[in-house]
Amino acid sequence: MDRTVPQTGSEEIELYMRTYYSLLRSSDSIKIETLVESHLAMRSSLHEHAAAVEPPASALMYSALRLPPCIVQTEEVLIGQMSRSFIAAGYRNIEAWQRVFATGRRRRAHFDGESILAVYVVSRSDIDDLVPILTAFQIEWNKLHDLLQNPDLSDLLGPYVDAGNLPTEDFAALAAALRIRVSDLKRLHLLWGEDFVNNLLQIREHRKSMTLRLIAGSLSDYRRATASWWNELCEELSQAGIDPGERPVYFVSSNTHSLINLLAGFARRFEESLIDYIESFEEKSLLTEYEDTKESYHKSTDNFLYFVLRRYLSEKGSQARHVFAREENRLGIHRVPSRHGFEMETQVIELGKLEARWFDPRLGRADDLAPLRHSNAIIINIDYPLGMASYELLSRISQGAGRLDGVYVMGKAATLNGRIGDMMIPNVIHDEHSQNTYLFRNCFTARHVRSYMQHGNVLDNQKAVTVLGTFLQNPHYMSVFYKEGYTDIEMEGGPYLSAVYEAFRPQRHPMNEIVNLHSVKFDIGFLHYASDKPMKTGQNLGAGSLSYGGVEPTYAAAIAILRRIFYNETEKLIETTFEALPAF
């Protein structure tokens, strides 16, 4: 069979991966320093100026956002799948250590309070993500260390050790000494907060020389961890009288807020409280945005209120969350955190318990959705797994569900031909994990999304490539794919489609083939919104975040997914009702 997928020839990326996997086979810790040479040779698009003396702010911020704050004190990083793996390696009280969190990555981690960070991983994609991030952080730390040896900086930073804040004029002097822009330094200050000055002084005091140890990393270990997650989920759901093995399941991969906001109607019900909340801010930009949206005849305030609601819940604490949780439970919405192993919330939504009167109006008329009250189907929504975790989780769900009626995936991606905020809808995905090119019928087209987006383009009939990691790509790699018409770069599509293949075929997914999935009986839907432009230097999530600008494509995708699920389920219920009527 002729191959139509590009051969990237990225030997430097392959060398880098071979280097860290071969080193991680050791039963002892390895030094991150041993990976620096191959990391530099890779010339990653996210770390384009890794070899320069000046610290590239985007790479520094990207790695710092995806590591917990204790990385400043960390000297050794342990990687494993389950608590028993750490116990077997002699670390008997990992779960008693302090839980730590990264702003930009959901990964279960514990810190011993001194120098050891234990990280739980779900699949090998976590290793392909974590190792380059640690290496990039150490490289940039050591650049800052060298630049901070300037004796004038001790006098500049010393008076602010306790305060953690610098006057504006001192930011300019510090940025000049560190060879980065003032705006980038202020973003680093925003990330580190009150620890900003102390962190810089720690960087000045010593070079970073972290070690890394893989506690366990076999395929069996990953599958054991996933099986443990599924068992925990089923146990939790059984208390609510739900057996996923007896229910039709619509699988959704998205986030923990968009579906719930659209279904529960909290933002509209508590609009007055939300507006009082933003009126209390000294900064009035959000209030101005709300007033402009209210006055515009073609804009809905719903997306804005959803954005504010998320911030409100994070700042108002447990009391507000408790009120909403009680109402969610009444509506058949169940949130199930993973108690052990990896960090992930699963949401299970009973379609038959939802109340259409609370739905976002864009989901359809309440009268048209009345048949849903008779549905026994559930939505299982998982919170953005990373890379090969997608394959492990969907495989487990497809094995345990009573019937899989649809697979819908929304998420961020990089675009090679569009703009940040655009929506991309692929019907071809090349998977770098399996080297398969999957051809499938995407149940979504531009018309399903266009009317819910005021900004940005909606690009359907796109070709996507599932990469091995965010750092594991370089300009040559991307240009080869771009020449072959691939414009959508993401991390989960290929693994999900490998699991889809196994859900309808009696064998494991192939390798290095063109795979036609057009005969799959259930829905397959992918919606990617552009968060990065890797062909443009600095236009990635290390250089900023989508913030409110990402709300529109997020909710456009979520609306399209729920409308599709509602359509399919009501059609089945109506068909079943007619079949049940006596023949005349």
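Structure data summary
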read-out	value
Residue identified as open to solvent by 20 Å² or more (accessible area, probe 1.4 Å) and either at positive phi or at pLDDT 95 or above (or both) among GLY104, GLY9	GLY9
Evaluation of LEU46 against (1) open to solvent by 40 Å² or more (accessible area, probe 1.4 Å); (2) at pLDDT below 90 (one fails), failing number	(1)
Conditions (1) open to solvent by less than 30 Å² (accessible area, probe 1.4 Å); (2) closer than 17 Å to ASP128 by Cα; (3) not aromatic (Phe, Trp, Tyr); number of the one not met by PRO55	(2)
Scan of region 363-395 for residues that are touching a residue at least 24 places away in the same chain (Cβ under 8 Å) and among the charged types (D, E, K, R), ordered by number	ASP368, ASP383, GLU392
Within region 470-525, tally of residues that are assigned to a loop (DSSP other than H, G, I, E, B), touching a residue at least 12 places away in the same chain (Cβ under 8 Å) and either open to solvent by 10 Å² or more (accessible area, probe 1.4 Å) or under 16 Å from HIS430 (Cα atoms) (or both)	18
Which listed residue, of SER220, SER314, SER254, SER238, is within 22 Å of the chain's Cα centre (by Cα) and free of Cβ contacts under 8 Å to residues at least 12 places away in the same chain	SER314
Residue within region 182-189 that is surrounded by fewer than 17 Cβ atoms within 10 Å (Cβ to Cβ), part of a helix (DSSP H, G or I) and either in contact with a Phe, Trp or Tyr (Cβ under 8 Å, 6 or more places away or on another chain) or at pLDDT 90 or above (or both) present	yes
Subset of region 119-157 [in contact with a Phe, Trp or Tyr (Cβ under 6 Å, 6 or more places away or on another chain) and not in a loop (DSSP other than H, G, I, E, B)]	TYR120, VAL131, PRO132
Spans of strands (runs of 3 or more DSSP E) in region 412-469 with at least 2 residues under 20 Å from SER254 (Cβ atoms)	423-431, 458-466
Filtered residues of region 343-361 (kept if in a loop (DSSP other than H, G, I, E, B) and either among the β-branched types (Val, Ile, Thr) or open to solvent by less than 10 Å² (accessible area, probe 1.4 Å) (or both))	LEU354, ASP360
The one condition in (1) touching a Pro at 6+ places or on another chain (Cβ under 8 Å); (2) part of a helix (DSSP H, G or I) that LEU201 fails to fulfil	(1)
Qualifying residue in region 320-327 (condition: touching a Gly at 6+ places or on another chain (Cβ under 9 Å) and closer than 30 Å to ASN376 by Cβ)	no
Selection from region 164-199 of residues that are more than 29 Å from the chain's Cα centre (by Cα) and in contact (Cβ under 8 Å) with a residue 12 or more places away in the chain	GLY164, ASN165, LEU166, ASP170, PHE171, ALA173, LEU174, ALA177, LEU178, ARG179, VAL197, ASN198
Among residues of region 85-100, those that are under 24 Å from ARG223 (Cα atoms) and either hydrophobic (A, V, I, L, M, F, W, C) or in a loop (DSSP other than H, G, I, E, B) (or both), counted	9
Close pairs (8 angstrom Cβ cut-off, 6 or more residues apart or separate chains): under 10 Å from LEU214 (Cα atoms) and surrounded by 13 or more Cβ atoms within 10 Å (Cβ to Cβ) in region 80-96, modelled with pLDDT under 85 and of a type in the set (Phe, Trp, Tyr) anywhere	GLN81/TYR222; GLN81/PHE342
Count of residues meeting criterion [under 21 Å from HIS49 (Cβ atoms) and open to solvent by 50 Å² or more (accessible area, probe 1.4 Å)] in region 151-181	3
Selection within region 15-64 - of a type in the set (Asp, Glu) and part of a helix (DSSP H, G or I)	GLU33, GLU37
Candidates ALA356, ALA370, ALA377 - the one that is of a type in the set (A, V, I, L, M), under 24 Å from ILE574 (Cα atoms) and in contact with a Pro (Cβ under 6 Å, 6 or more places away or on another chain)	ALA377
Selection count where residues are open to solvent by less than 30 Å² (accessible area, probe 1.4 Å), in a helix (DSSP H, G or I) and more than 29 Å from VAL467 (Cβ to Cβ), scope region 365-399	1
Qualifying residue in region 473-481 (condition: modelled with pLDDT of 95 or more, in contact with a helix residue (DSSP H, G or I) (Cβ under 9 Å, 6 or more places away or on another chain) and not aromatic (Phe, Trp, Tyr))	no
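The values are calculated or read from the model by the stated rules, or taken from the named source; none is laboratory data. These numbers come from a predicted model, not from an experiment. Note that we place each Cβ from the backbone using ideal geometry, even for glycine, and neighbour counts take in every protein chain shown. For the accessible areas, the whole protein counts, side chains as well, though only heavy atoms, and no ligand, DNA or RNA atoms are used. Shrake-Rupley method; radii C 1.70, N 1.55, O 1.52, S 1.80 Å.
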